[in-house]
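Report on the following structure.
The values are calculated or read from the model by the stated rules, or taken from the named source; none is laboratory data. All figures in this text were calculated on a predicted structure; none of them were measured in a lab. Methodologically, a virtual Cβ is constructed for each residue, glycine included, from the backbone with ideal geometry; neighbour enumeration extends over all protein chains shown.
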Amino acid sequence: MRKILLPLLLIITLPALAGVQSETVFFLQPDGRSYLLERSIHSNSPTHRFHLDKRIHLDDIHHISPARFEWDDSDERVNSLTFEAGGFTIIYPDRFNDSQLRQDQNGVLHYKSWDGRRNSNGRYGYWYAPGQFDQFSYTWIVPDNIKLLRYRSNQDGTWTRRNNAISFYAEKVNDLTFEMSYQVRTPAAPPQAVKNAAPTPPPVRQSANKRPSATPSPRTSWPGRDDDQDGIGNTDDLCPGTPARALVDKVGCALDTDRDGIPDRIDQCIATEAETPVDSNGCKINVN
C-alpha cells in the first residue's frame, strides 16, 4: 500500500459555530527528525473527529483530553479519535518521513507539511470543515543545537520569534501549509536533553596500547513499541532509528563518552579531551 502523507486533518460531524481555535506545537528533538507534537482544537461544535497517520497507535499517544473519546482504526488510510465535546488536546511523539523532510548538499534540512495532494473534498494541509479556523497558531520549539534558517506559510499571517521558538498566527484561514528550513549541529550531550536524564559518564582513561571497552547503560524493559530495537520504547526514545546493537543511553541516544560528536561504537579514540577537534574516527586532528 502506498504511504500517504496526512497532515493532521479535522472533520466536524455536526454544524460548527463561530470561534474555532487551533493550536499546533512541534517540540523538535536534537536529531532534527523526531518530535513531540501538541495538537489542540476548540470550538462551539459538540463533536470533533481527528485523523492521525496509521503509524500512530493509541498506546503511542502521551496525553488525550477530554478523557472520554472513541478510537477507530478500521479505516485503511487513517486512525481516528472522536470527541463528544467542544474541543480536545492530544500530545504524541512522531518522526518526519522522507516525503516531508529532505537534506540538501549543505546539510540543511527542508520540511514541507503538505505533499501536494488534496482529499476528495478539495481540502489539504491543516483544514477545518465546515467553516474555517477563526484563530490558528503554529509553533516550532527547537533545542539549542538546531538553527532555524527560513520559514513560510501559504497563508498570510504574523511570524514571531522568541528564544528558541518560531510561531505563526492567523485569523479566518483554512487549508494551511508550511515550509521550514533548519540546520542541525551534533548536540554536545544528548542525555541532558531530558529532565532527570542520567549524566554522561566521565571519560575513560586510555592506555597507550589498549583501547578501553565501553560499558553500556543498563537497558530497561519499556512498555509499548521499540522500532529501532535499542531497548528504549518509542514513547521515551529521543533518538529513534539508532543502528541495531548500538550502545545507547537512558533516552535512546548513541553513547558518546568523550562528547566529541562521534558515537562510541565507531570512535577509535574514545577519551579525547573536551573541545578537541576530531576527525570522523573520533581521533585528534593536528592543527598547525
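At-a-glance table
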quantity: Scope the range 145-163; condition farther than 21 Å from Trp114 by Cα and either outside the structural domain of Trp127 (by TED's automatic domain parsing) or in contact (Cβ under 8 Å) with a residue 24 or more places away in the chain (or both); matching residues; calculated: Asn145, Ile146, Lys147
quantity: Failed item, numbered, when Pro143 is tested on (1) assigned to a strand (DSSP E or B); (2) within 30 Å of Gly261 (Cα to Cα); calculated: (1)
quantity: Residue ID - surrounded by the fewest Cβ atoms within 10 Å (Cβ to Cβ), chosen from residues in the range 39-87 that are acidic (Asp, Glu) and under 18 Å from Trp127 (Cβ atoms); calculated: Asp75
quantity: Residue among Thr24, Thr82, Thr13, Thr47 that is assigned by TED's automatic domain parsing to the domain that holds Tyr126, hydroxyl-bearing (Ser, Thr, Tyr) and modelled with pLDDT of 95 or more; calculated: Thr24
quantity: Asp98 being of a type outside the set (S, T, N, Q), modelled with pLDDT under 95, more than 15 Å from the chain's Cα centre (by Cα) and surrounded by fewer than 17 Cβ atoms within 10 Å (Cβ to Cβ); calculated: no
quantity: Scope the range 103-159; condition of a type in the set (Lys, Arg) and over 30 Å from Leu238 (Cβ atoms); matching residues; calculated: Arg117, Arg118, Arg123
quantity: Residues within the range 164-185 that are touching a residue at least 24 places away in the same chain (Cβ under 8 Å) and farther than 24 Å from Gln132 by Cα, tallied; calculated: 6
quantity: Any pair with Cβ under 9 angstrom, 6 or more apart, that starts in the range 109-136 at a residue that is closer than 18 Å to Val173 by Cα and charged (D, E, K, R) and ends at one that is assigned to a loop (DSSP other than H, G, I, E, B) and modelled with pLDDT under 90; calculated: Arg123/Ala129; Asp134/Ala18; Asp134/Gly19; Asp134/Ser43
quantity: Hits in the range 150-168 - residues which are part of a strand (DSSP E or B), loosely packed, with under 14 Cβ neighbours inside 10 Å and out of contact with any Leu (no Cβ under 9 Å at 6 or more places or on another chain); calculated: Arg150, Arg152, Thr158, Trp159, Thr160, Arg162
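To keep it simple, each residue is scored yes or no on (1) among the charged types (D, E, K, R); (2) touching a Leu at 6+ places or on another chain (Cβ under 8 Å); (3) at pLDDT below 75.
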| site | (1), (2), (3) |
| --- | --- |
| Thr235 | no, no, yes |
| Pro240 | no, no, no |
| Ala244 | no, no, yes |
| Cys253 | no, yes, no |
| Asp258 | yes, no, yes |
| Asp267 | yes, no, yes |
| Ala274 | no, no, yes |
| Pro277 | no, no, no |
